[in-house]
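Visitor: The structure's right below; bear with me while I get my questions together.
The values are calculated or read from the model by the stated rules, or taken from the named source; none is laboratory data. Since this is a predicted model, take the numbers as computed values, not measurements. Note that we place each Cβ from the backbone using ideal geometry, even for glycine, and neighbour counts take in every protein chain shown.
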Amino acid sequence: MRYRYERQLNGSLIKKAVVWTQEEHGIEARDVDGDAVYIVQILHDAGFETYIVGGAVRDLMLGKKPKDFDIVTTATPNQIRRYIRNSRVIGKRFRLVHAYSNSKIFEVATFRSIKEGTTSNTFGTIEEDVQRRDFTMNALFYDPAKETVIDYVGGVNDIQRKILRTVIPLNVIFRDDPVRMIRAVKYAAVAGFEVPLRIKWKIKKDAPLLAEISTSRLTEELSKIIRSEDVAAIVRELFENKLWQYLQPKADEKMRADPAFREAYLRGFSDLKTLPGEPEKKGACMAALVRPYLEKAVDWKGIGDNAKDVFFTARKFIAPAALPRFELEAGLRIILAEHEIAAKKTRLHDQRPRRHAGHHQATRARPEDGDNRV
């Protein structure tokens, strides 16, 4: 174990962070995405302090495979764009960069400041950036070249001791961003931690703030949850902490009114782990989200050619979440097949009239073709 120091105006040194070696933090270099390492190396070689940060570091320390590798750096978005060939600057309020490599997208952000609060959008230093992170387990910086973890907030110890602890003060964290309540419960479920009583109490008090969050943000959180390999544990904990009602209100209501439905609903998410291959297959996740409800809500014997009705019944059940229609349809085709109903190949969700053959729709801009490397 080493330490990172900062020199004060009077010339004295003050300890700022713990630097954990590979033998201490246990992250294996082979488990770190090679393209993420490549991006870090490019920016580091250009003279910018750069790390892999957040959930990827947490998951690696927990022995899990990260789905995303986020990167943070002292380089500004325009500087990042200059050195990372296949990338583009995104965002209006706070600009960051998406770097593309081998069909993967890496989010590369500049350190943010806390001068205007924990949700401000100004650039800052690593010392400021860490104070904007929600929980200590997500506030760790990994240097793949040195294989070290930089820890300003005691996050490594908290992971080792299975403690969920906030970085932002508890009286501020959820009021600044109510979605952090969902993430607190999710992170604890994924890591196998208990949510401390003081955080549970604060969640109970501040939960109504989630009613003001946009449908798009809540849908984004729901989408991440149902694709997690720990989806069953996450849904159970969100339900017990009375937060599932803000993501899936109709399901939450039925779970509280009908223990049999609750058991079937949670079991459906648990069964995803028994599927061959990756458990986050889009269709299977969607099927688990709606199956217990559709089993009783649909007249399967009399369905005939009305398979499209099943789609709209499912859409109403998962509302207000606006999950991708094609993914929901993939889940419904699984359920239809379980009832030996062969839905027509036409899209279940498509009731719009066909466009004239000469009408051309605009297409979304794509990253430049060519070299798959960053």
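Visitor: Do you know which of the residues in the stretch 71-95 that are of a type outside the set (V, I, T) and free of Cβ contacts under 8 Å to residues at least 24 places away in the same chain is farthest from R112 (Cα to Cα)?
Guide: That would be R82.
Visitor: Sort through L62, L43 and tell me the only one that's more than 26 Å from K186 (Cβ to Cβ) and in contact with a helix residue (DSSP H, G or I) (Cβ under 7 Å, 6 or more places away or on another chain).
Guide: Being more than 26 Å from K186 (Cβ to Cβ) and in contact with a helix residue (DSSP H, G or I) (Cβ under 7 Å, 6 or more places away or on another chain) holds for just one of L62, L43, which is L43.
Visitor: Consider A56 against the criteria (1) modelled with pLDDT of 95 or more; (2) farther than 19 Å from F123 by Cβ; (3) surrounded by fewer than 22 Cβ atoms within 10 Å (Cβ to Cβ): it satisfies all of them except one. Which criterion is unmet?
Guide: Going through the list (1) modelled with pLDDT of 95 or more; (2) farther than 19 Å from F123 by Cβ; (3) surrounded by fewer than 22 Cβ atoms within 10 Å (Cβ to Cβ), A56 breaks only (3).
Visitor: Would you confirm whether any residue within the stretch 4-26 is part of a helix (DSSP H, G or I), buried (at least 19 other Cβ atoms within 10 Å of the Cβ) and modelled with pLDDT of 95 or more?
Guide: Yes - at least one qualifying residue is present in the stretch 4-26.
Visitor: Whether any residue in the stretch 277-293 is part of a helix (DSSP H, G or I), of a type in the set (V, I, T) and either in contact with a Lys or Arg (Cβ under 7 Å, 6 or more places away or on another chain) or modelled with pLDDT under 95 (or both) is what I want to check.
Guide: Within the stretch 277-293 (the criterion being part of a helix (DSSP H, G or I), of a type in the set (V, I, T) and either in contact with a Lys or Arg (Cβ under 7 Å, 6 or more places away or on another chain) or modelled with pLDDT under 95 (or both)), the answer is no, since none of the residues qualifies.
Visitor: Could you look through the stretch 79-95, keep only residues that are assigned to a helix (DSSP H, G or I) and in contact with a helix residue (DSSP H, G or I) (Cβ under 8 Å, 6 or more places away or on another chain), and pick out the one that is surrounded by the most Cβ atoms within 10 Å (Cβ to Cβ)?
Guide: My answer is I80.
Visitor: Find the residue count for the stretch 136-153, including only residues that are in contact with a helix residue (DSSP H, G or I) (Cβ under 6 Å, 6 or more places away or on another chain), among the hydrophobic types (A, V, I, L, M, F, W, C) and over 21 Å from T76 (Cα atoms).
Guide: Count: 3.
Visitor: Taking the stated definitions as given, is K204 of a type in the set (K, R) and free of Cβ contacts under 8 Å to residues at least 40 places away in the same chain? Working first, answer last.
Guide: Working: of a type in the set (K, R): yes; free of Cβ contacts under 8 Å to residues at least 40 places away in the same chain: yes.
In short, yes.
Visitor: Just give me the residues in the stretch 96-114 being in a loop (DSSP other than H, G, I, E, B) and surrounded by fewer than 17 Cβ atoms within 10 Å (Cβ to Cβ), in sequence order.
Guide: At the first step, the residues of the stretch 96-114 found to be in a loop (DSSP other than H, G, I, E, B) are 102-103, 111, 113-114.
Hits for the stretch 96-114 are N102, S103.
Visitor: Let me ask you something else. Please go through the stretch 220-246 and give me each residue that is in contact with a Phe, Trp or Tyr (Cβ under 7 Å, 6 or more places away or on another chain) and over 20 Å from K204 (Cα atoms), ordered by number. Write out each step before concluding.
Guide: First pass over the stretch 220-246, keeping only residues in contact with a Phe, Trp or Tyr (Cβ under 7 Å, 6 or more places away or on another chain): 231-232, 235, 238.
Hits for the stretch 220-246 are V231, A232.
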